[in-house]
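These notes are about the structure you will find just below.
The values are calculated or read from the model by the stated rules, or taken from the named source; none is laboratory data. Keep in mind that what you see is a predicted model, and the values were worked out from it rather than measured. Cβ sites come from the backbone with ideal geometry, for glycine too, and all protein chains shown count toward neighbours. Heavy atoms of the whole protein, side chains included, go into the accessibility calculation; ligands, DNA and RNA do not. Shrake-Rupley method; radii C 1.70, N 1.55, O 1.52, S 1.80 Å.
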Amino acid sequence: MLINRRLDVLVTHPTRQHSLQLVRALLEAERLAEFWTGRPLSAGERKQLDHVSGPGGGTRPVAGQVRSFPGFLLPRLIGNRVAPPRVATVVAHDGDARFDGFSARRLRARAADAWSTVFCYENSARETFRAAKRLGMTTVLDAASVHHSAQDAWASFRESDRAHRRITRRKDEEIALADYVWVTSEMARETYLEAGVPRQKISVVPLGVEVSAFTPPPRESDSASTRFIFVGRATAVKGVDVLLDAFRRLREEEPSSRLMMVGRRPRGLTRPDGVEFGGQLTRAELARELRRADCLVLPSRFDSFGLVVPEAMATGLPVIVSDRVGAKDLVRHGETGWVFAAEDREALYQRLAWCVANRPRLLEMGRQAAASASDHDWEVYRQRVQHLLERMEAPRVSGVQLPSSA
């Protein structure tokens, strides 16, 4: 049972990421004071939140607790459509900073509400944390990515050097102001530890999936071609060049092999033989494509988590992921999938070739993956959030030091 249950937790996010699941967890615990976001909730999302039951049972509308400020999102949307990547990145970061300043001013104006805790997200936390500190609030950075030093080591950045230094300086200040840093995987935690962030500040809260939306179809082994699927933006960060090189080699040996690539297709990316581009899909459309596949491949140079991994596993697919995908924590190597060294084209090719040669084995591995899916449901994530919130508050009552959590 949570300590001092009351509506005292603020969440701010300029866009969305997984913040809506955090909000649901706080609603279930009857702890959410307000949620400020730059992205308006859809009718379906608002209806979903309105039907959340608290510990005492019953539901209530959240209209007064969820506030959207879409004006901060508009420059990002325009920049993504018309600006070159190096400019669009800066526009997005500057928009997040403006949202942060707005949230800080709004928080200072609401000081009389005496909220206890604020959750913020990278690039939009510094000023809000400063305001929260003055009000005696606990500050939590809900980090959706690995530490920026690891990002720089594993992939190139798009903005100018000067802009990049400004952005990373802001990130460092946010981490310093955070009482706690929540990360999505053990891999992400290691990057923060290597950057010198104190261990006691960091907790791992793995993300999840709506398992009921990604149920497996009946599967039978047949002589049809082996069909691999990739989901995400077709970029170097996602390791698409590594994937396409390995797949081209596979096609030379196994011409019937197929690869479906779901997600935004960058300009100039040609379509190799055997590759289909599916574009951006709804959740239901993605579930259908996953059910048509035999194996998910996610060879990212870095991916703090990778939500498509539990989605694919829930659908009954084994997965091949690089060791820089945070969701590798969910994979039992050789049982529900495989983990290979990022950028190792030979290792990826060998794994793809094994899948083609051992297609009946993929069915059993997929069944094991689906059986483990309940461990990765969003409900489990929300339970972890509530448990961690209780652990965070324990030192206020007992005066003990909170240890880091796995």
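State, as an integer percentage, the relative contact order of the chain based on alpha-carbon contacts under 8 Å between residues 6 or more apart. Let's see the in-between values first.
On the way: 762 pairs, mean separation 59.4, N = 406.
After rounding, I find 15 percent.
Over the Cα atoms of the chain, compute the convex hull volume and normalise it per residue, giving Å³.
141 Å³
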Which of the listed residues, GLY208, ILE320, ALA163, is farthest toward the dipole's positive end in the chain, when Lys, Arg count +1 and Asp, Glu count -1 at the beta-carbon? ALA163
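For LYS133, LYS238, LYS171, write out the residues from largest to smallest accessible area, computed with a 1.4 angstrom probe and no ligands counted. Don't skip to the end; give the middle numbers.
Working: LYS133 85, LYS238 45, LYS171 20 Å².
Output order, biggest surface exposure first: LYS133, LYS238, LYS171.
I want the local charge near GLY71. Using Cβ-Cβ distances under 12 Å, sum +1 for each Lys or Arg and -1 for each Asp or Glu among the other residues. Walk me through the numbers on the way to the answer.
On the way: positive: ARG39, ARG76, ARG98; negative: none.
Taking every Cβ under 12 Å from that of GLY71, the sum is +3.
Based on DSSP, what percent of beta bridges with both residues in region 197-288 are antiparallel, to the nearest 5? Write out the running numbers ahead of the final one.
Numbers: 1 of 10 bridges.
The answer is about 10 percent antiparallel.
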Give me the distance in nm between label points sitting 7 Å out from Cα along the Cα-to-Cβ direction at LEU74 and ARG292, one decimal. 3.9 nm
Using only Cα atoms, tell me the angle between helix 378-398 and the longest principal axis of the chain; keep it within 0 to 90° and round to the nearest 10. 30 degrees
If you roll a 1.4 Å probe over the heavy atoms of the protein chains, what accessible area per residue do you get for region 203-266, in Å²? 44 Å²
Which residue fluctuates the most in the chain, going by a Gaussian network model with Cα springs under 10 Å, if the choices are ILE78, ILE167, ILE175? ILE78
Using 0.36 nm per residue, how much length does the chain from HIS387 to LYS133 gain when fully extended, once their Cα-Cα distance is taken away? 89.1 nm
Taking the Cβ-Cβ separation of THR215 and ARG332 as r and a Förster radius of 22 Å, what is the calculated FRET efficiency to the nearest 0.05? 0.60
Cross-link partners of LYS328 among lysines (Cα-Cα below 25 Å; sequence separation of 8 or more within a chain): LYS201, LYS238
With all pairs of different alpha carbon atoms counted, what Kirkwood hydrodynamic radius in Å does region 254-406 show? 17.4 Å
Using Stokes-Einstein with the Kirkwood hydrodynamic radius over Cα pairs, what translational diffusion coefficient do you get for region 49-138 at 10 °C and a viscosity of 1.306 mPa s, in µm²/s rounded to a whole number? 104 µm²/s
Distance between modelled label sites at GLU190 and ALA284, nm, 7 Å Cα→Cβ extension: 4.1 nm
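Taking 0.36 nm per residue of separation and subtracting the Cα-Cα distance, what length does fully extending ALA109 through HIS51 add? Could you put the intermediate results ahead of the total?
Working: separation 58, 0.36 × 58 = 20.88 nm, distance 3.00 nm.
Length difference between fully extended and current span is 17.9 nm.
Convert 10 °C to kelvin, take the viscosity as 1.306 mPa s, use the Kirkwood radius over C-alpha pairs of region 348-395 as Rh, and evaluate the Stokes-Einstein diffusion coefficient in µm²/s, rounded to a whole number.
Numbers: Rh = 13.8 Å.
Answer from the Stokes-Einstein relation: 115 µm²/s.
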Length-normalised contact order of region 57-147 in % [C-alpha pairs under 8 Å, at least 6 apart]: 23 percent
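Going from the alpha-carbon gyration tensor of region 308-386, what semi-axes, largest first and in whole Å, does one get by taking the root of 5 times each eigenvalue?
Values: eigenvalues 117, 50, 10 Å².
One finds semi-axes of 24, 16, 7 Å for region 308-386.
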What residue among ALA246, ALA224, ALA188 has the largest mean-square fluctuation in a Gaussian network model of the chain, using Cα springs under 10 Å? ALA224
Volume per residue, Å³, of the convex hull around the alpha-carbon atoms of region 179-317? 136 Å³
Points 7 angstrom from Cα along the Cβ direction at ARG166 and THR270: gap in nanometres? 3.9 nm
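Gain in length, ALA63 to ARG367, computed as 0.36 nm per residue apart minus the alpha-carbon separation, to one decimal in nm?
On the way: separation 304, 0.36 × 304 = 109.44 nm, distance 4.14 nm.
Stretched out fully, the ALA63 to ARG367 stretch lengthens by 105.3 nm.
Only bridges whose two residues both fall in the chain count here: according to DSSP, what percent of them are antiparallel, nearest 5?
For the chain, the DSSP antiparallel bridge percentage is about 0.
Under 10 °C and 1.306 mPa s, how fast does region 1-95 diffuse according to Stokes-Einstein, given a Kirkwood radius computed over C-alpha pairs? Answer in µm²/s, whole number.
Details: Rh = 14.6 Å.
Here the translational diffusion coefficient equals 109 µm²/s.
Scan region 1-105 for trypsin sites (Lys or Arg not before Pro) in coil per DSSP, keeping those whose Cβ has at most 13 other Cβ atoms within 10 Å, and list them by number. If you can, show how the numbers build up before the last one.
Values: sites: ARG5, ARG6, ARG16, ARG24, ARG31, ARG46, LYS47, ARG67, ARG76, ARG81, ARG86, ARG98, ARG105; in loops: ARG5, ARG6, ARG16, ARG31.
For trypsin sites (Lys or Arg not before Pro) across region 1-105 that sit outside H, G, I, E and B with at most 13 neighbouring Cβ atoms in 10 Å, the list reads ARG5, ARG6.
If contacts are Cα pairs under 8 angstrom and at least 6 residues apart, what is the relative contact order of region 209-289 in percent?
Numbers: 88 pairs, mean separation 25.2, N = 81.
Contact order relative to length: 31 percent.
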Please build a GNM for the chain, connecting alpha carbons under 10 Å apart, and tell me which residue among ALA131, ALA314, ALA163 fluctuates the most. ALA163
